[in-house]
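The values are calculated or read from the model by the stated rules, or taken from the named source; none is laboratory data. The shown structure was predicted, so the numbers you read here are calculated from the model rather than taken from an experiment. Methodologically, a virtual Cβ is constructed for each residue, glycine included, from the backbone with ideal geometry; neighbour enumeration extends over all protein chains shown. The area values use the complete protein model at the heavy-atom level, side chains included, leaving out ligands, DNA and RNA. Shrake-Rupley method; radii C 1.70, N 1.55, O 1.52, S 1.80 Å.
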Protein chains: 2
Amino acid sequence: MKNLDVEECCKGDSVKLKQLKELSEYLKIISDVNRLQILCLLKKGERCVCNIHEPLGLPQNLTSHHLKALREAGLVLTRREGKWIHYRVNSDRINYFTNLYNLIVSGGEYEDQGIGAGMCQLQEAGG
Amino acid sequence: MKNLDVEECCKGDSVKLKQLKELSEYLKIISDVNRLQILCLLKKGERCVCNIHEPLGLPQNLTSHHLKALREAGLVLTRREGKWIHYRVNSDRINYFTNLYNLIVSGGEYEDQGIGAGMCQLQEAGG
DNA sequence: CTAATATATCAACAATCATTGATATAACTA
DNA sequence: TAGTTATATCAATGATTGTTGATATATTAG
């Protein structure tokens, strides 16, 4: 093995690994094309389930399944109005994970969401 | 079904759907915890495979497998030096997908990568 | 040439997850 | 009340994918 001062990024440090797992689960949720399409629709405004699954050409139960995943991840919020349940994007949560993404994967910039200072360490400190 | 002017975002428009699929595949690649850890390490600088799989405690063949996925997605680049193959992050490619992510999922801001103008339509135009 | 090291590949297995069909729940309407 | 609409749940299936063990390739050292 080539001699190198191995800093052991991401290993043994439960806090950092926890954040990596958190990001990983978010990315898994949004990496499905149908769920990305749903988020696209909802970014334009609140919609009931009909007005999600019909324009996208997805079965109602499949759409409900994906909405459940997005809901459980906190990425969308709901509001009942009579027979209808309206879904909308939870921007705060999306922004939170976007900051996490930017800190871990992309550069180091971030908006104020309270996860900035500690996260920068992820690139430097050892476990 | 509730009456609503359905714009049919993301449906029937091959260009937009293609970009959604492109983003989807990128997100799938980076949504694995081990691959995220590898990217974390490589962000600090070039590394041979030993200096990736040993500090992370991953089997060599598993690491090779994940590196192949990252390589085929263009997210990392390689350089041979004797027995060793050094891996490094392909920042341009990461930035490209980060812009795609920001346009589709997050807000609308983006850096100059040539995919800006068309992508904003994704939120507005119909199929 | 032979041995050792670094990395990649392949086949098999296990686990995860998207999709489908059927059914249940909830709310409104007649 | 019964019937209709909107949405959710459940079980089963199929596809994808992460993981492992064994083996192959490539490079250097002796």
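If we scan the stretch B:101-112, do we find a residue that is more than 16 Å from DNA strand D (Cβ to nearest atom), facing chain A (nearest Cβ under 10 Å), modelled with pLDDT of 50 or more and under 11 Å from the mean Cα position of the chain (by Cα)?
Within the stretch B:101-112, one or more residues are more than 16 Å from DNA strand D (Cβ to nearest atom), facing chain A (nearest Cβ under 10 Å), modelled with pLDDT of 50 or more and under 11 Å from the mean Cα position of the chain (by Cα).
Looking for whichever is open to solvent by 10 Å² or more (accessible area, probe 1.4 Å), in a helix (DSSP H, G or I) and aromatic (Phe, Trp, Tyr) here; the options are B:TYR26, B:TYR96. Which one fits?
Exactly one of B:TYR26, B:TYR96 is open to solvent by 10 Å² or more (accessible area, probe 1.4 Å), in a helix (DSSP H, G or I) and aromatic (Phe, Trp, Tyr), namely B:TYR96.
Report yes if A:ASN95 is facing chain B (nearest Cβ under 10 Å), away from DNA strand D (no atom under 15 Å from the Cβ) and under 10 Å from the mean Cα position of the chain (by Cα), otherwise no.
yes
Would you confirm whether or not the stretch A:70-82 contains a residue that is at positive phi and of a type outside the set (Lys, Arg)?
Looking through the stretch A:70-82, at least one residue is at positive phi and of a type outside the set (Lys, Arg).
Quick one: in the stretch B:61-89, of everything that is assigned to a loop (DSSP other than H, G, I, E, B) and open to solvent by less than 30 Å² (accessible area, probe 1.4 Å), which residue is nearest to B:GLN37 (Cα to Cα)?
B:LEU75
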